Amino acid sequence: MSIPTEPIGSIPRPRALVEALAEHAAGRLSDAELAKLQKQATADTLAKLEQLGCPVLVDGEQSKPSFVTYPIAGLAGLAPDGAVIPFADGHTRQLPRLTAGPFRYQVRADSYLRNAQNHTDAPIKQAVIAPSALSLLYPADGIGGYSREAFLRDLANEAEADIRGCLEAGAHGVQLDFTEGRLSLKLDPSGGVLEQFIALNNQVLDRFSEDERARIGVHTCPGGDQDSTHSLDVDYAELLPKLFELKAGNFYVQLASEPDPERVLRVIADQLRPGIRVFIGVTDPIGTTVETPEEVRDRVLFAARYIPVEQLGTCDDCGFAPFADDTSTSRDVAFAKIEARVRGTELAAQALGL
C-alpha cells in the first residue's frame, strides 16, 4: 500500500494560450485556431505530469474558460451582472445572471476528459463544478415563468449528467469543486446558505450507487485567484462538519495554507467515517516559494497522526489557475510544486514503511 496523491485541477496556461484567449475574445482569432492551441496545451500538460511521476493526471483545465463557468459557455439567457465574489486583495470575480429558462449545460466535462484520453493511457481525474456553485446563477428576484424550484430541478439533472458522463467515459475519479462552501459562511454566518448547498449537492450525489460514489470526491478551499483568497478568514471548523455530510467517497481538503493545520486535522479526525479518503493539501498554489519534498513529507507524516494512513491521500491545496486569465503563478512553479508533492508523498510512504 502507498499513499495516493492527486492534482486538484487547473494548471497555469502557456503564455501563448493566454494571449490567444485575449485575441479570441477580441474577435481576432477563430474558434478553430483557439481549439488547436488548447489541445496542444492539454497534451503538453499531461506529458509533463507523467514525466513528474504523477500516478493520476488532470488535463489542467487548459480548455476551460474557468472552473465554474465551463457548462454555460455560449448559453443564451445570461446577463453579466450576477453574483460578485470579493477577494481579500480587493479584486472581484463576477458570475453571470440567468435571465430565462430552461437551464441546460452547453458543455459537459466528459468532452474535456475524452480529449485528454487521446493523449495518454494514464488514469485521469476530471474536475466538475458542484451544482451548488451554479445555483448562484439564479437571481434573488426570480425569473418570470421559470421558478427557482424548476431551475433547481433542471440544475440537479444537468449536474448528474455531467458527473455520470465522466464516470461512464472512464474517469479515474470525478471531483466536485466546492469552493463556495467556505465562502457561503462569510456571506451568511448563520449557515443557512451552506445548508442549502449541502442539500442540493447531496440530492445529486444520492443518485449514484455506493461504488460510483467511491469514485466521486469533493474539493474545498478558500479560493485561489491572482494570489489571493476569498474566505481564508472564515473558521474552517464551521465548514468541515457539514462538508463531511456530503455523500462522496473522497474529500480534497486545503491544508498547507492554513494558519493552524493541527486544529483542522483534529476536526477532520472527529468527522472521519469508514469508507472515505481524505486528501490533504500539502502544497500552497499561491505561495511564493516552492515546497521541498522534505517539507511535504513532514506535512504528510504530521497528518498521519490524525488520519489513518489507509484513509489518507495528498493533493495541492487548490488549482493553480482556476480562471483562464490568471497568470499570477508561473507554469514552471506549478509543476515544481507538483513534483515536490509527488516526491514528498513517496518519502512519507517510505518513512511509514508502506
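The values are calculated or read from the model by the stated rules, or taken from the named source; none is laboratory data. From a predicted model like this one, the values you see are computed outputs, not experimental measurements. Counting neighbours? That spans all protein chains shown, and the Cβs are built from the backbone with ideal geometry, glycine included.
Quick look at the values:
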read-out: Any hit, the stretch 87-104, residues being out of contact with any Cys (no Cβ under 6 Å at 6 or more places or on another chain), acidic (Asp, Glu) and at pLDDT below 95; value: yes
read-out: Test: residue in the stretch 34-49 that is in a loop (DSSP other than H, G, I, E, B), modelled with pLDDT under 95 and in contact with a helix residue (DSSP H, G or I) (Cβ under 7 Å, 6 or more places away or on another chain); value: no
read-out: Hits in the stretch 289-338 - residues which are in a helix (DSSP H, G or I), farther than 20 Å from PHE251 by Cβ and in contact with a strand residue (DSSP E or B) (Cβ under 6 Å, 6 or more places away or on another chain); value: LYS337
read-out: Only one of ASP317, ASP326, ASP332 that is within 30 Å of ALA16 (Cα to Cα) and touching a Cys at 6+ places or on another chain (Cβ under 9 Å); value: ASP317
read-out: Criterion: closer than 22 Å to SER184 by Cβ and in contact with a Phe, Trp or Tyr (Cβ under 8 Å, 6 or more places away or on another chain) - qualifying residue of ILE72, ILE85; value: ILE72
read-out: Hits in the stretch 247-287 (condition: within 14 Å of PRO222 (Cβ to Cβ), part of a loop (DSSP other than H, G, I, E, B) and among the β-branched types (Val, Ile, Thr)); value: ILE286
read-out: Residue match in the stretch 16-32 (condition: touching a Phe, Trp or Tyr at 6+ places or on another chain (Cβ under 8 Å) and outside any strand (DSSP E or B)); value: no
read-out: Check on VAL193, under 17 Å from the mean Cα position of the chain (by Cα) and at pLDDT 95 or above; value: no
read-out: Selected residue (criterion: farthest from SER228 (Cα to Cα)) from residues of the stretch 290-337 that are among the β-branched types (Val, Ile, Thr) and either crowded, with 23+ Cβ neighbours inside 10 Å or at pLDDT below 95 (or both); value: VAL300
read-out: Selection status of SER135, farther than 30 Å from ALA79 by Cα, hydroxyl-bearing (Ser, Thr, Tyr) and at pLDDT 95 or above; value: no
